[in-house]
Amino acid sequence: MSKKVVIIGAGVAGLSAGIYAAMNGFDTEILEMHTIAGGQCTAWERKNYRFDYCLHWLVGTSKGAFHDIWKETNVLNDETVIIDHEIHSRIFDQDRNEFIIYSNIDRWEKYLIEMAPEDEERIQKMCRDMRKSALLQPFALPPELRNPLDYIRLLPVMWPIFKLVRKFGRKSCKEYFDTLQFKNQKLTRFLNALYGERNFSALAFIFMLGFFNQKNAGYIKGGSFPLAQRMLEKYKKLGGKITFKKTVEKITVEQNTVKGVQLTDGSLVQADYVISAADGFHTIYKMLGGKYVSKKVDHAYKNWELFTPIVQVSFGIDKVIQADSPILVNIAKGMHIGMTELENGYSVMNYAYDDTMAPAGKTSIVMRFDSPWKMWEKLEGEHYENEKEQIARDAKIYLEQEFPGIGAFIEVVDVATPKTGVKYTGVKDGAYEGFMPTKENMMDALDMQLPGLKNFYMAGQWLFPGGGLPPSAQTGKWAVQLICKKEKKSFVSDR
Ligand SMILES: Cc1cc2nc3c(=O)[nH]c(=O)nc-3n(C[C@H](O)[C@H](O)[C@H](O)COP(=O)(O)OP(=O)(O)OC[C@H]3O[C@@H](n4cnc5c(N)ncnc54)[C@H](O)[C@@H]3O)c2cc1C
């Protein structure tokens with residue numbers, strides 16, 4: 001009899017864990033509270049427009065340890081089409097001054113020097129730091145399975161990265177920009193507005209373009225929903241079982257060993273191993289009652305900043321709206337959409353480059369803005385509905401500013417709030433990528449196992465500040481590698 005692995009949640013982490021567990025011969029069951037798989041990696045349809053919620057880019061589209069995972073889990077296959085954008089994003093301020101971020105660092109460096117010749121040396125220094133991120137190699141194995149040789153082998157390759165980490169690992173973007181001392185006002189203003197005014201890690205900024213520069217962070221045509229469906233397909237093909245509309249309330253434990261889970265309908269599902277790929281806070285403090293908490297986990301959940309949730313306003317446009325940049329960002333100050341004052345402006349994604357997102361001759365456009373959870377937490381009923389309507393009205397006005405004349409062609413407006421994210425995925429306070437990568441935590445990760453608890457593993461975005469699809473899928477794989485080790489089975493990944 002194969003041992004049974006129960007996985008809580010069918011987001012990308014849960015699907016990844018399910019695929020590797022099934023691949024390695026375990027009797028595998030995923031329990032998912034929603035009616036579909038994908039978690040936050042999702043999209044929805046309105047009048048034949050598809051509105052994507054997640055995928056801007058996927059690190060690992062061309063090489064490396066993440067790439068292996070995408071191939072093994074069917075995220076990438078012979079049919080997937082990868083789009084590498086030349087422009088990362090186009091940014092505007094209140095006076096419609098434009099600032100471009102190119103995906104290619106050489107191109108960006110040239111553009112910045114043309115804009116700010118007085119900062120030539122400083123720009124070159126920043127771009128030199130950024131180019132070093134090409135040397136960054138994600139580990140293929142979880143920390144518990146690495147041996148000293150794995151580190152020694154990487155040392156010469158990654159030496160310049162270690163130096164960067166030592167220098168900037170505990171610095172914020174603001175501190176990094178202050179060290180560089182740019183003179184050009186426009187450059188300083190845009191960089192600070194985009195990265196310096198939040199508690200954002202300098203390293204996260206320096207590494208940001210590294211993967212794009214190597215064409216290793218492309219967009220996959222079709223976006224988030226088909227991505228998750230391909231994983232689900234692979235999981236089912238391997239014989240994995242998935243049950244929807246099943247919410248786990250409790251993880252059952254006897255003598256500090258996990259025995260299975262209890263669902264909200266009272267039923268029990270027995271297991272030899274449980275992997276939770278659901279929200280970290282709910283798993284540790286609710287499903288396990290806060291009984292197995294390390295000092296680090298306690299510190300993280302009490303002190304680490306969370307991503308501010310977003311409101312997404314999706315538009316179906318009965319016209320083709322061309323775009324040379326997938327993302328526009330407007331950083332103008334003092335704007336309001338509904339009750340939210342936009343501290344970081346708003347972004348607009350025009351999916352014209354993906355013809356699967358809208359019927360022929362039409363365009364899906366998505367506007368997003370940060371909106372603190374405390375504004376939404378208690379908003380209910382009529383007040384909630386009124387707020388959504390006000391958001392739709394205000395967002396249309398801003399969309400018109402970005403694309404004059406577009407108003408006459410809007411045929412669908414859909415508003416998803418932080419509450420929508422919480423309702424469908426259970427993510428804490430709508431923090432869609434978990435912990436914000438700051439100077440305090442950028443160098444940290446949380447353990448996949450909890451102290452004193454046997455046969456239990458965490459997977460998903462809450463283990464690494466910054467979250468995202470790659471660490472989510474990777475921790476799903478790592479959890480199964482650790483289980484295989486415990487079962488004295490050799491781990492396979494090629495079925
Ligand atoms: C707007 C937006 C843009 C993004 N852009 C990108 C991007 O471009 N690139 C990138 O890499 N990442 C991006 N991300 C982040 C990425 O989507 C997430 O980090 C990732 O999907 C998290 O996966 P996960 O499996 O860890 O968690 P989740 O997706 O949150 O999955 C958790 C799953 O568990 C289920 N669940 C929760 N509680 C229970 C329970 N009690 N019982 C049963 N099931 C339960 C949920 O329903 C859900 O399906 C973006 C996210 C958003 C919202």
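Whether a residue is more than 16 Å from the ligand (Cβ to nearest atom) and either farther than 20 Å from Tyr20 by Cα or among the basic types (Lys, Arg) (or both) was assessed, and Pro465 does not pass this test. Counting only strands (runs of 3 or more DSSP E) that fall entirely inside segment 257-297 and contain at least 3 residues that are of a type in the set (A, V, I, L, M), the qualifying elements are 257-263. Of all residue pairs spaced 6 or more apart or on separate chains, those with beta-carbon atoms under 8 Å, a first member in segment 409-431 that is at positive phi and a second member that is away from the ligand (no atom under 12 Å from the Cβ) and among the basic types (Lys, Arg) are Gly430/Lys419.
Scanning segment 14-23 for residues that are within 10 Å of the ligand (Cβ to nearest atom) and aliphatic (A, V, I, L, M) yields Leu15, Ala17. Taking (1) in contact (Cβ under 8 Å) with a residue 24 or more places away in the chain; (2) surrounded by fewer than 23 Cβ atoms within 10 Å (Cβ to Cβ); (3) more than 30 Å from Lys125 (Cα to Cα); (4) not hydroxyl-bearing (Ser, Thr, Tyr) in turn, Lys236 satisfies each apart from (1).
Given the structure, is Gly11 within 16 Å of the ligand (Cβ to nearest atom) and on the phi > 0 side of the Ramachandran plot?
No.
Only one of (1) of a type outside the set (Phe, Trp, Tyr); (2) modelled with pLDDT of 95 or more; (3) within 16 Å of the ligand (Cβ to nearest atom) is not met by Asn441, so which one is it? Result: Asn441 passes all but (2).
For Asn97, are the conditions met, namely being surrounded by fewer than 13 Cβ atoms within 10 Å (Cβ to Cβ) and either touching a residue at least 40 places away in the same chain (Cβ under 8 Å) or not aliphatic (A, V, I, L, M) (or both)? Here the answer is yes, as Asn97 does meet what is asked.
A quick yes/no check of all residues on (1) away from the ligand (no atom under 15 Å from the Cβ); (2) modelled with pLDDT under 95:
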{"site": "Phe307", "(1), (2)": "no, no"}
{"site": "Gln312", "(1), (2)": "no, no"}
{"site": "Gly338", "(1), (2)": "yes, no"}
{"site": "Glu343", "(1), (2)": "yes, yes"}
{"site": "Gly381", "(1), (2)": "yes, no"}
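Taking the listed residues Lys388, Lys302, Lys374, the one that is touching a helix residue (DSSP H, G or I) at 6+ places or on another chain (Cβ under 9 Å) and not in a strand (DSSP E or B) is Lys374, with no other qualifying.
Would you check if there is a residue in segment 24-40 being away from the ligand (no atom under 12 Å from the Cβ), at pLDDT below 95 and farther than 27 Å from Ser364 by Cβ? Taking every residue of segment 24-40 in turn, none turns out to be away from the ligand (no atom under 12 Å from the Cβ), at pLDDT below 95 and farther than 27 Å from Ser364 by Cβ.
Checking the structure you have, find out if any residue of segment 275-290 is without any contact (Cβ under 8 Å) to a residue 12 or more places away in the chain and either more than 16 Å from the ligand (Cβ to nearest atom) or in contact with a helix residue (DSSP H, G or I) (Cβ under 9 Å, 6 or more places away or on another chain) (or both). Yes, segment 275-290 contains at least one residue that is without any contact (Cβ under 8 Å) to a residue 12 or more places away in the chain and either more than 16 Å from the ligand (Cβ to nearest atom) or in contact with a helix residue (DSSP H, G or I) (Cβ under 9 Å, 6 or more places away or on another chain) (or both).
For segment 101-118, the count of residues that are closer than 30 Å to Glu487 by Cβ, more than 15 Å from the ligand (Cβ to nearest atom), out of contact with any Phe, Trp or Tyr (no Cβ under 7 Å at 6 or more places or on another chain) and not hydrophobic (A, V, I, L, M, F, W, C) is zero. Could you tell me whether Met357 is within 20 Å of Ala431 (Cβ to Cβ) and either touching a strand residue (DSSP E or B) at 6+ places or on another chain (Cβ under 7 Å) or part of a loop (DSSP other than H, G, I, E, B) (or both)? When the stated conditions are applied, Met357 does not pass them.
This table checks each residue for (1) outside the structural domain of Thr438 (by TED's automatic domain parsing); (2) touching a residue at least 40 places away in the same chain (Cβ under 8 Å); (3) over 30 Å from Lys71 (Cα atoms).
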| site | (1), (2), (3) |
| --- | --- |
| Gly169 | yes, yes, yes |
| Phe177 | yes, no, yes |
| Lys183 | yes, yes, yes |
| Asn192 | yes, no, yes |
| Gly196 | yes, no, yes |
| Leu203 | yes, yes, no |
| Phe212 | yes, yes, no |
| Lys215 | yes, yes, no |
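Just one of the listed residues (Asn344, Asn303) is of a type outside the set (A, V, I, L, M), more than 15 Å from His56 (Cβ to Cβ) and in contact with a strand residue (DSSP E or B) (Cβ under 6 Å, 6 or more places away or on another chain), namely Asn344.
Report whether or not Lys246 is part of a helix (DSSP H, G or I) and at negative phi. Spelling it out, it is not the case that Lys246 is part of a helix (DSSP H, G or I) and at negative phi. As a summary of the residue check, Tyr20 satisfies the conditions (1) hydroxyl-bearing (Ser, Thr, Tyr); (2) over 27 Å from Lys246 (Cα atoms); (3) not in a strand (DSSP E or B) except for the one numbered (2).
Quick check: is even one residue across segment 454-464 surrounded by fewer than 19 Cβ atoms within 10 Å (Cβ to Cβ) and not assigned by TED's automatic domain parsing to the domain that holds Ile327? Checked against the condition, which is being surrounded by fewer than 19 Cβ atoms within 10 Å (Cβ to Cβ) and not assigned by TED's automatic domain parsing to the domain that holds Ile327, segment 454-464 yields at least one hit.
For segment 475-495, the set of residues classified as buried (at least 23 other Cβ atoms within 10 Å of the Cβ) and touching a helix residue (DSSP H, G or I) at 6+ places or on another chain (Cβ under 6 Å) consists of Thr475, Gly476, Lys477, Ala479, Val480, listed by residue number.
The values are calculated or read from the model by the stated rules, or taken from the named source; none is laboratory data. Here the structure is a predicted model, which means the values were calculated and not measured. So basically every Cβ, Gly included, is an ideal-geometry build from the backbone, and we count neighbours across all protein chains shown.
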